[in-house]
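Remarks on the structure that follows.
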Amino acid sequence: MHVIFLNPQGNFDRRDSFWAAHPDFGGQLIYVKETALAMARMGVKVDIVTRQIDDPDWPGFSEPEDRYDGFPDNPRILRFPCGGPGFLQKELLWDHLNEWAEHIADFYEDSPPDFATGHYGDGGYAAVLLWQKMGVPFSLTGHSLGAQKLDKLGMTSDNFEEMNEQYNFSTRIEGERQTMINASLIVTSTNQERYEQYGHPLYQTAISVEAPKFHVIPPGVNTRVFNTNPAGGDEARTAADIQAALGDGDKPCVILASRLETKKNHIGVFEAFAASAELRERADLVVVLRGVPDPWSDIGKLGAEEQDVLRPLLETAVRGGFKDALKFLDLRSQHALASAYRHLSRRGSVFCLTAFYEPFGLAPIEAAACGLAQVVTKNGGPSEIFEDGSAVLVDPYDPADIARGLLEGLENHAELARKGERRVLEHYTWDRTAARYLEAIEDSLRERALDTELNGEDRLQAYLDGEQEP
């Protein structure tokens, strides 16, 4: 079987360059890469298809083809032009997806793939275009949808023109609707994502949340990186760097490792520390950044949106009297992050994600695999991931409840860490994710082949014989 992953936003290379350096280089890149690698290990021919970028500010994405170290033949990373050579943020890609799909169709003209997986709305709509050009069936993995972002940003009739120009909502939502209508499969990470996101009024005439094309397939953790086993010399070096950054002692920490975005709600945790003397006494607060060791003096190195998020955090720390207890870690790889999680776990620390809404949440299960207790938002996927009680759930809109959850997590660290690690290993690995994708794809292709072979009378008879769904 030959499966392609369509992901025009962000990019992919063997060094995972710029991950977390821009909102477009987020968790969906990890999702696509790890699922593709797991499929390749299972013997499936896989291509990750993305956008070609020849931009001095974003080097490493200009070659038309690339590979991952240790995978010399499969999967391939294929890059095609889309909207010129310079980097474009995801909102600007929509007008160029037809060009991108034309290049992809030309490349595969003599040997079309068996199936395409479209990621985010733009990758999904590109799959629609490829299906129209070549007849390649496809799935949609939306990750997050435009209608929810529209609601969260407070779009109204008064600000419609301004917000639509900035975020291209009308084009995005219509593209998502067309993708839902034409996809053979729709993959969600949780049932909550299925019913809450796809049940939005803007999608109701495009898809029913009860449609059989829905498949709930959770993401996974790269357990070769995120685990509780120390990684030799690199681990010792990372531990030394962390100790230098955090100072002497072994005080437990509350760890924030999400991107600096308003929706991730770092401020809720800072306000919890400011309001709770007990919390300040029990733990330090650690924020993971990338490329900025000292944001007190180097905040200008961050993008404008990140600065807008960080400045109120720093002000809250000063006003709340815990500036000295606020630490920053500059971690530039997944291996360094995993080492930090393991090191801080030995202090009895907790990982905290208090996003206002989190569709799934890879970060908490990565941290749990390394032995950290979890204190996470009750809104979205984490409540389903940790439904067995292996994490503390909190209301992200209530700093007092966040403080309550953090104190509970610190108090019960050992039990929560043990239960969380077990939960991840039993349910959330990339091999399991890839196997579920393949099962759904194979079932879809069999049904498609049957539909192609049967005429209307035969199809009716097959249904009456119990061999085919209506």
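Couple of notes before you dig in:
- Rh by Kirkwood over Cα pairs, then Stokes-Einstein D for the range 2-216 at 1.002 mPa s and 20 °C, µm²/s: 122
- Pairwise label distance in nanometres, Glu387 with Asp55, each label 7 Å out on the Cα-Cβ vector: 4.0
- Amide H within-cut-off set for Val394, under 5 Å, with H built and near neighbours excluded: Val376, Thr377, Lys378
- Sequence of Ile181, Ile217 once ranked by neighbouring C-beta atoms within 10 Å, starting from the fewest: Ile181, Ile217
- Centroid-to-centroid, using Cα positions, the range 177-219 and the range 309-384 are 30 Å apart.
- Against the chain, whose longest principal axis comes from its Cα atoms, helix 266-275 is set at around 30 degrees.
- Take the Cα of Met42, step 7 Å toward its Cβ, do the same at His335, and the gap between the two points is 2.8 nm.
- The phi-based Karplus calculation (6.51 cos²θ - 1.76 cosθ + 1.60; θ = phi - 60°) puts the 3J(HN,Hα) values of the range 51-58 at 9, 7, 10, 10, 9, x, 7, 9 Hz, whole numbers, x for Gly and Pro.
- If R0 is taken as 22 Å, the Cβ-Cβ distance between Arg224 and Arg346 corresponds to a FRET efficiency of 0.60.
- Calculated mean residue ellipticity at 222 nm for the chain: -14000 deg cm²/dmol, from DSSP H runs with n ≥ 4 weighted as -39500 (n - 2.57), summed, divided by the residue count and rounded to 500.
- Förster radius 30 Å - calculated FRET efficiency between Asp110 and Glu174, Cβ distance, rounded to 0.05: 0.40
- Extension reserve of the Lys263-Asp248 stretch, reckoned as 0.36 nm per residue once the Cα distance is removed: 2.1 nm
- Calculated from backbone phi, Karplus (6.51, -1.76, 1.60) coupling profile of the range 224-231 in Hz, x at Gly/Pro: 6, 9, 8, 7, 9, 9, x, 9
- For the range 2-216, lysine pairs with C-alpha atoms less than 25 angstrom apart, excluding pairs fewer than eight positions apart on the same chain, total 11.
- Close Lys pairs in the range 232-427, defined as Cα atoms under 19 Å apart and 8 or more places apart or on different chains, number 7.
- The equivalent ellipsoid of the range 310-445 has semi-axes of 29, 17, 16 Å, largest first, where each one is the square root of 5 times an eigenvalue of the Cα gyration tensor.
- Taking other C-beta atoms within 10 angstrom as a stand-in for reagent exposure, Lys152, Lys33 fall in the order Lys152, Lys33, fewest first.
- Environment charge at Met1 (Cβ cut-off 11 Å; Lys +1, Arg +1, Asp -1, Glu -1): -1
- The order of the peptides 185-194, 347-356 by mean Cβ neighbours within 10 Å, most packed first, is 347-356, 185-194.
- 3J(HN,Hα) along the range 356-371: 4, 8, 10, x, 9, x, 5, 4, x, 6, 5, 5, 5, 5, 9, x Hz, from the Karplus curve 6.51 cos²θ - 1.76 cosθ + 1.60 with θ = phi - 60°, whole Hz, x for Gly and Pro.
- Degrees between helix 334-345 axis and first principal axis of the chain (Cα, 0 to 90, nearest 10): 40
- A convex hull fitted to the Cα coordinates of the chain yields 154 cubic angstrom per residue.
- The residues His343, His119, when put in order of fewest to most other Cβ atoms within 10 Å, stand as His343, His119.
- Helix 413-427 and the long axis of the chain differ in direction by around 10°, with both axes built from C-alpha atoms.
- Its residues counted as N, the range 157-241 yields a C-alpha radius of gyration over 2.2 N^0.38 Å of 1.74.
- Asp443-Gln204 pseudo-label distance in nm [points 7 Å out on the Cα-to-Cβ vector]: 2.8
- Built amide H within the under 5 Å cut-off of Phe5, gap 5+: Asp47, Ile48, Val49, Thr117
Readers should treat all values here as calculations from the given coordinates under stated rules, not as data from a laboratory. Just so we're clear, the structure is a prediction, and the values are computed from it rather than from any experiment. In this analysis, Cβ positions are derived from the backbone assuming ideal geometry, glycine residues included, and neighbour counts consider all displayed protein chains.
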